[in-house]
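**Q** Here's a structure for you.
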Amino acid sequence: MSRIQVSCTVNGDPVDFLCDADGSLLNSLRDELGLTGVKEGCGTGDCGACSILLDGELNCSCLIFAPEAEGTTITTVEGLANGDHLTPLQQCFLEGAALQCGICTPGVLVAATSLLNHNPNPTETEIRYALAGNLCRCTGYDKIVRAVREAAAQIRETSA
Amino acid sequence: MGTLSRLARRLADLVGAHRAALQPAVCGPGIAKLGATPLDGLPSVGLARLRGTHLKYFAPSTVEEAVGLLAQPNTKVFAGATDVIPQIRAGRPEPDALVDLKKIDRLIAVQCTDAKWIIGAATPTARLTANAEFSAEFPGLAEAAGLIGSDQVQSRSSLGGNLCNASPAADSVPAMIVNGARVVIATANGGTRSVAVQDVPTGPGRTSLAPGEFVVEIEVDRAPARTADAYLRMIPRTEMDIAVVGVGVRVTLDESGKVTDALVALGAVAPTVVRVPAAEAALIGSTLDDAALAVAAAAASAACNPIDDKRGTIAYRTHVAGVLTRRAAVIAGQRAAEKNGASR
Amino acid sequence: MTIAEDPATTAPGYKWVGTRMIRPDGFEKVTGRARFGADLKLNGMLYGHVLRSPHAHANIVSIDTSEAEKMAGVRAVITRADFPAPSGPAGDQDLQRNAMAREKVLYEGHVVAAVAAQTRGQAKAAAEAIKVVYEVLPHVMTVDEAMAPSAALLHPNLMTKGIDPAPTGPSNVASRALYQGGDLDLGFAESDVVVEGTFTTKPVHHGYIEPHAAVADTTPNGRTTLWCSSQGHFTMRAMSAKVLGWEPSRLKVIPAEIGGGFGGKTTIYLEPLAVRLSQKAGRPVKMVMSRDEVFRATGPASGTKIVAKMGFKNDGTMVAAELWMAYEAGAFAGSPAGAGSMTALAPYTVANFLIEGFDVVVNKPKVAAYRAPGAPMSSFAVESLIDEAATKIGMDPIEIRLKNAVTEGCQATYGPKFPRIGFVETLEAIKNHPNYQIPLGPNQGRGVASGFWFNAGLNSSATVHVNEDGNVIVVTGSPDIGGSRASMALMAAEEFGIDAARIQPVVGDTESVGYNDQTGGSRTTLATGAAVIEACRKILADLRGRAAKQWDVPLDKVEWVDGQAQHVDGTQPPLSLEDLAKGWNRTGGPLTASAALNARGVGSAFSTQVVDLEIDPDTGHVTVLRYLTAQDAGRAIHPSYVEGQLQGGVVQGLGWALNEEYIFDRNGKMENASFLDYRIPVASDMPMIDTIVVEVPNPGHPYGVRGVGEVGIVPPLAAVANAVEHAVGRRLRDLPLSPVRILDAILNKDC
Amino acid sequence: MAHVHFSAGLRSSFTGGVADLVVEATTVRALIRALDERFPGIGEKLSSGTSVAIDGEIIPDADLEALAPHAEVHFLETLGGG
């Protein structure tokens, strides 16, 4: 059975992969491209662990057919940091202990990145609603919200 | 009805709002026309790559192409796919081909003329709600569209998908109905037809679309002066839930603040969205005073024909439909008063 | 005021304990590099898929795998025929029957067969092609149904333990726990105020975001490597071996990073299946559950029914308590009814009490431990009634608890006397917090509740190596779920007197370190930490000896201060850890030490919490306005992760209280097996969780650690119910307090 | 001399209502043996399916634990932890 070839840009690299028409982009990212930082928590778009940026927009990669990625630009959690240089969000998550088990963390970081791209100075409420699609069962969200707020402040300071 | 509709009929349950974004707009038998052309300057998946694959994926770039593809048996169109993928995972029978409508320019567009707004059926709701003019003119519809799923889902959900999934709980449908929205449907013979939004869903998971048809655009006439809408839903959490009850209200006021026109539509309280003429009648001629609101709320409750299920009870839905009708009417009235004729 | 807001300060007398280092595994976890259960891929790896029972209760008449075995890509199919007949103690047999159904299926989702194939799709298709003939049996879903005289029986030989005289016939009641003190009739006769009611809770799931996953690779000589995400890989080894009929040593279990457990990853599900499939196929096999499978087939916490009655004097003194409690065990015996019985009244002194706890089997997945197993449900009943009594008496809810609170030397209702504990301190902390004084508006209510959990000690090992550069490796066998590597590093840094960044904590596999019990029971920082401390102290003794050797002085002339060996008289220049490490080849060889222990000195945990809610009186919707928790941690080794445990426990408890429940249809099938309809709290549902870490050091631990993971989930159920009562004037005794229930209570207020 | 306290469950099933007892024993194993002689059947129950609290500390698998003079011993349900 032949498979569909998809060409796209992932975390800055041009890549090709093969997929079935009904395969999810999540599975292709994990199995074909080895980007296992993208997590599967539900496969139905309810937990956000598989969040990616697709052409700059926040998406659940489990809800995208792999062939749809043709020609797109994708960012996963693996593409956030620049080498050893963490983003302010990543650094604030570490310093603020905004992760416990860490399974939701990749999706939360991607969603928070998307939020700050669109809204550099979000209120607590805006942060909470922006992350409502990212379930975390460990932290109770408190430290996540604080870390996002802190990162936003740092980014604003740097860019000011 | 085609295979897709048979599938859809199995959705006896109140399937959810964000699920709703993705159900096939239609399907049907016919002739396959393979191949797809570049969209937005990006190469789309070409025929050569697809040949030999059991399940085929097409990304047509024109409505005509899509119509041709849909002529093939057991073909499923999708916009956001946030429903189709979970269905496949859950083991529902797969179609033979998937047709992605998002590469068709006309389906991903928000336009405004002097007479109406034209919204591509597959336009991501995030893009629609980001349109400040649209959101100012139809705050209720914009809010309803914005309630479909998480931010992640908002990148994919669409009015067309939300409508054609035919969930009784779809958030945007009551809001479209109170704004008199119509859909432009591409027909199997290559033409188009227009029908009112309320005539599209015929029951949970069922639509009036014929085989080979799909929704191309949603049209909403420009809001008259001193007119505004509101949509409220009840969910147990604050996000990520399917509406237990959803209510859309639109009112038009005269210069004295008296209601001259009103539309009320209820979601998740019956197999399809319910218009409530008695509530509308109670509001028209009133100043949205307590007495009129009470009559409207009671009328809304009386119009409910809900079910008991895992998301709510008959008694709960019936009561809350009245509560939300009153609240949505008040909000719509305030908005209309604030507009004070400035909507055009 | 949250400690997180304070600048980091160390605990008095410590340099590293009490600081907030960046967790050693943090970089991997924020960059997507950390490898969790489902992230491993081996050459030639097959994918496994499980065929599960569609029925809640049925005899398996036959299983025909012939067609499935012939399908494309299929390399192995396993059924009950591939596992030894259940043997051993009853608990072991249950484990075996739960891993793979034998004569009958006992719940929807029970494993009937499994397939390994080249692709996921092939495995799934083949599993669906297995033909199973069932004879459907009547099912029982609740304790009431299961305890009815004519109830269908799950197990033909289940005889109730703990009742006298012993029963003559089988039932669905596995056991009764009984705790009794004083004279109940006298106690109620003395009472000025008697409160009573029947309370119910629904099964709830841990809801860890990472589904269960396992990869097994069996070589032809029978040695097997198993990678899995669990709370304890040594236990996975032992349990899997029991099901496989193997000696545990045939299995090497390598811990993956674990994406949440909360007790739910303390038992096996996929592990023995993956091993047997791999053995049969001669290839590595990976198995990952879908979310749907996680809900249908892995342990929820018990649903319960509790009939409770309590008596108080007008001054608030609790004088009588009677509790009849039935806990759903799921399909096999083993609910935490006993723990629920022991914890129910543990925070209080009460002279006269009777607690009966029944362990009842029903046709649901076998329950698994869930954060303070058994305690939240019994506490829900007791803390609700205390609140009712306080209202009737006209007493502040904190004061009535202070009036009855246990302190050091008090005898617990479950028997022993308490050592130094910090319950009163948690009550005082709440009472003195400004949140407790904030005036409430209309439709708002404030609810207080407290909770107790034992905490566990159990068995731990650690091995500590000093590298030749003077940096330190700390190997334990305790999976790190919430930052325990950071706490191990801090404790080792404190012992060595060196920067915590120079400590590399490692979670070793079953062949790299001595046995460790699971990361559970709030035990890891206490018990595994104690093993780390002991191993460090062994090396420090060794290092002092080596310094003495270099200086040619008696050992008692050498002390270890600030990361270096010092001569007590200052006659020698100090030798740093680096100096000593550099010369280890001349002083006695590699620097390494291990410690293994039955942990002792476990300190019990108490929490007191207060929630402010607002209720929409027209829809019943609840908004959590603010939340304050005070918990005795003994000593917070890494305060941020202690706060995280406290906050996470609260929010899980809020989910339990407000919206989470298993919903079954009339056929015993779960209706809401998804994160869409099993509604765990989302970020926008929650306020900040104001957190007070009370530190009453545990005298049994070198640093005073108590264990913090579990007790935080105990109070929220009653705290919410109490707040709802104060907001709407109705006492609700059935969880969850969903909008539907609350609105019903408001609208039927006068009924 | 260990001071043994029986839970109500043990009292009703094994000890005929005896709530407390002073027993000459220096280990838990010896204690259980002595108790089983006096209350036949209790030994099996105490050896499996119970934890022992010695001077307030709950200890699973405690049969070889030493008992100090005047140790306070309680037999309890076994516990799980999450």
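**Q** Work from the charge dipole of the range A:4-79 (Cβ charges, +1 for Lys and Arg, -1 for Asp and Glu, about the Cα centre) and give the residue of A:GLN5, A:SER24, A:GLY41 farthest towards its positive end.
**A** Comparing the listed Cα positions along the dipole, A:GLY41 ranks first.
**Q** Which distance in nm do the two modelled labels at B:ALA337 and C:ASN221 give, with both placed 7 Å along the Cα-to-Cβ direction?
**A** Between B:ALA337 and C:ASN221, the label points sit 8.6 nm apart.
**Q** For the pair B:ASP96 and C:ASN432, how long in nm is the line joining their label points, each one 7 Å along Cα→Cβ?
**A** 7.7
**Q** Continuing with the same structure: Taking only the alpha carbons of the range C:459-598, what extent do you get along each of the three principal axes, in Å, biggest first?
**A** 49, 26, 24
**Q** Something else now. Tell me, what does the Kirkwood hydrodynamic radius of the range D:2-77 come to in angstroms if you use every pair of distinct C-alpha atoms?
**A** 11.9
**Q** Taking the dipole about the Cα centre of the range C:606-718, with the C-beta of Lys and Arg at +1 and of Asp and Glu at -1, give me whichever of C:GLY700, C:THR623, C:VAL611 is farthest to the positive side.
**A** Among C:GLY700, C:THR623, C:VAL611, the one farthest towards the positive end of the dipole of the range C:606-718 is C:GLY700.
**Q** Test of understanding: what is the full-extension gain from C:ASN314 to C:ALA85, defined as 0.36 nm times their sequence separation minus their Cα-Cα distance?
**A** 76.4 nm
**Q** Once you average over the residues of A:63-76, how many Cβ atoms of partner chains fall within 10 Å of each Cβ?
**A** 6
**Q** While we're looking at this one, here's another question. Averaged over its residues, how many other protein chain Cβ atoms are within 10 Å of peptide B:75-81's Cβ atoms?
**A** The per-residue average across the peptide is 2.
**Q** Follow-up. Roughly speaking, what % of Cα-Cα pairs in the protein assembly as shown are separated by over 67 Å, rounded to a whole number?
**A** Distances greater than 67 Å cover 8 percent of the Cα pairs.
**Q** Given the rule -39500 (n - 2.57) for each run of at least 4 DSSP H residues, summed and divided by the residues of chain C, what is its mean residue ellipticity at 222 nm, to the nearest 500 deg cm²/dmol?
**A** Computed mean residue ellipticity for chain C: -8000 deg cm²/dmol.
**Q** A follow-up question, please. List the pairs from C:LYS392/C:LYS417; A:LYS39/C:LYS41; C:LYS280/C:LYS366; C:LYS70/C:LYS366 whose alpha-carbon separation is above 26 Å, in the order I gave them.
**A** As for pairs spanning more than 26 Å Cα to Cα, those are C:LYS392/C:LYS417; C:LYS280/C:LYS366; C:LYS70/C:LYS366.
**Q** Provide the net charge surrounding C:GLY514, with neighbours chosen by a C-beta distance below 15 Å and charges set as Lys +1, Arg +1, Asp -1, Glu -1.
**A** -1
**Q** I need the fraction of alpha carbon pairs in the range A:4-79 separated by more than 16 Å, rounded to a whole percent.
**A** Here the tail beyond 16 Å accounts for 38 percent of pairs.
**Q** When we measure straight from the Cα of C:LYS15, which aspartates and glutamates land under 14 angstrom away, once same-chain ones fewer than 8 places off are left out?
**A** The reachable aspartates and glutamates, counting only those whose Cα sits under 14 Å from C:LYS15, are C:GLU494, C:GLU495, C:ASP499, C:ASP562.
**Q** Give the aspartates and glutamates reachable from B:LYS258 as a straight Cα distance under 18 Å; neighbours fewer than 8 places away on the same chain don't count.
**A** Straight-line reach from B:LYS258, under 18 Å: B:ASP229, B:GLU280, B:ASP289, B:ASP290, B:GLU338.
**Q** I need the peptides C:515-528, A:136-149 ranked by packing, meaning the mean over residues of other C-beta atoms within 10 angstrom, with the highest value on top.
**A** C:515-528, A:136-149
**Q** Using only alpha carbon pairs under 8 Å that are at least six residues apart, calculate the relative contact order of chain C and give it in whole percent.
**A** Once divided by the residue count of chain C, the mean separation gives 15 percent.
**Q** Given an 8 Å cut-off on Cα distances and at least 6 residues of separation, report the relative contact order of the range A:52-160 as a percent.
**A** 30
**Q** Ranked by Cβ crowding within 10 angstrom, fewest neighbours first, how are C:PHE380, D:PHE39 ordered?
**A** The fewest-first ordering by Cβ neighbours comes to D:PHE39, C:PHE380.
**Q** Going by how many other Cβ atoms sit within 10 Å of their own, how do D:HIS3, D:HIS74 line up, fewest first?
**A** Listed from fewest to most nearby Cβ atoms, that is D:HIS3, D:HIS74.
**Q** Using a 10 Å cut-off around each Cβ of peptide A:45-57, what is the average number of partner chain Cβ atoms that fall inside?
**A** Mean shielding count: 6.
**Q** Taking the Cβ of each residue in C:GLU67, C:GLU247 as the centre, tally the other Cβ atoms inside 10 Å and list the residues starting with the fewest.
**A** C:GLU247, C:GLU67
**Q** If you take the beta carbon distance between C:LYS131 and C:ALA152 as r and set R0 to 25 Å, what does 1/(1 + (r/R0)^6) give as a FRET efficiency, to the nearest 0.05?
**A** 0.45
**Q** Can you compute the helix-only [θ] at 222 nm over chain A? Use -39500 (n - 2.57) per DSSP H run of at least 4 residues, normalise by all residues, nearest 500 deg cm²/dmol.
**A** One gets -9000 deg cm²/dmol as the mean residue ellipticity at 222 nm.
**Q** Right, something else. Using the scaling law 2.2 N^0.38 Å as the reference, what is the normalised Cα Rg of chain C?
**A** 1.00
**Q** Can you pick out the pairs among C:LYS242/C:LYS286; C:LYS242/C:LYS538; C:LYS131/C:LYS202; C:LYS265/C:LYS431; B:LYS56/B:LYS310; A:LYS143/C:LYS29 whose Cα atoms lie more than 27 Å from each other?
**A** Beyond 27 Å: C:LYS242/C:LYS538; C:LYS131/C:LYS202; C:LYS265/C:LYS431; B:LYS56/B:LYS310.
**Q** Now for a separate question. Which order do peptides C:567-576, C:298-307, C:418-427 fall in by mean Cβ count within 10 Å, highest first?
**A** Per-residue Cβ counts within 10 Å, averaged per peptide and sorted highest first, yield C:298-307, C:418-427, C:567-576.
**Q** Any aspartates and glutamates with Cα under 14 Å of the C:LYS582 Cα? List them, leaving off those in the same chain fewer than 8 positions away.
**A** Result set, ordered by chain and number: C:GLU468, C:ASP469.
**Q** Continuing with the same structure: Running a GNM on chain A with Cα contacts under 10 Å, which residue among A:LEU131, A:LEU58, A:LEU18 ends up with the highest mean-square fluctuation?
**A** Greatest mean-square fluctuation among the candidates belongs to A:LEU18.
**Q** Oh, and also: If you build the Cα gyration tensor of the range C:489-534 and take the root of 5 times each eigenvalue, what three semi-axes come out, in whole angstrom, biggest first?
**A** That gives 20, 13, 9 Å for the three semi-axes.
**Q** Could you tally the net charge around C:GLN93, taking each other residue with its Cβ under 11 Å from the Cβ of C:GLN93, Lys/Arg +1 and Asp/Glu -1?
**A** The answer is +1.
**Q** Based on the Kirkwood radius over alpha-carbon pairs, what is the Stokes-Einstein translational diffusion coefficient of the range A:88-159 at 10 °C with 1.306 mPa s viscosity, in µm²/s?
**A** 135
**Q** Determine, from the Cβ-Cβ distance of B:HIS54 and B:ASN189 and an R0 of 35 Å, the FRET efficiency 1/(1 + (r/R0)^6), rounded to the nearest 0.05.
**A** Taking R0 as 35 Å, the efficiency between B:HIS54 and B:ASN189 is 0.75.
**Q** Cut-off 10 angstrom, C-alpha nodes, Gaussian network model of chain D. Which of D:LEU31, D:LEU64, D:LEU46 fluctuates the most?
**A** In this elastic network of chain D, the residue with the biggest mean-square fluctuation among D:LEU31, D:LEU64, D:LEU46 is D:LEU64.
**Q** Sticking with this structure for a sec: Which net charge results when you count Lys and Arg as +1 and Asp and Glu as -1 among the other residues whose beta-carbon is under 15 Å from that of D:GLY16?
**A** Around D:GLY16, the charge tally is -1.
**Q** Once R0 is set to 35 Å, what does the formula 1/(1 + (r/R0)^6) return for the Cβ-Cβ distance between A:SER159 and B:CYS112, expressed as a FRET efficiency to the nearest 0.05?
**A** 0.55
**Q** Past 31 Å, Cα to Cα, is the threshold; run C:LYS313/C:LYS749; C:LYS252/C:LYS305; C:LYS309/C:LYS669 against it and keep the listed order.
**A** In this structure, C:LYS252/C:LYS305; C:LYS309/C:LYS669 exceed 31 Å between Cα atoms.
Where a number appears in this text, it was derived from the coordinates with a stated rule and is not lab data. Quick caveat, the model's predicted, so the values are computed rather than measured. Positions of Cβ are backbone-derived with ideal geometry, glycine not excepted, and every protein chain shown enters the neighbour counts.
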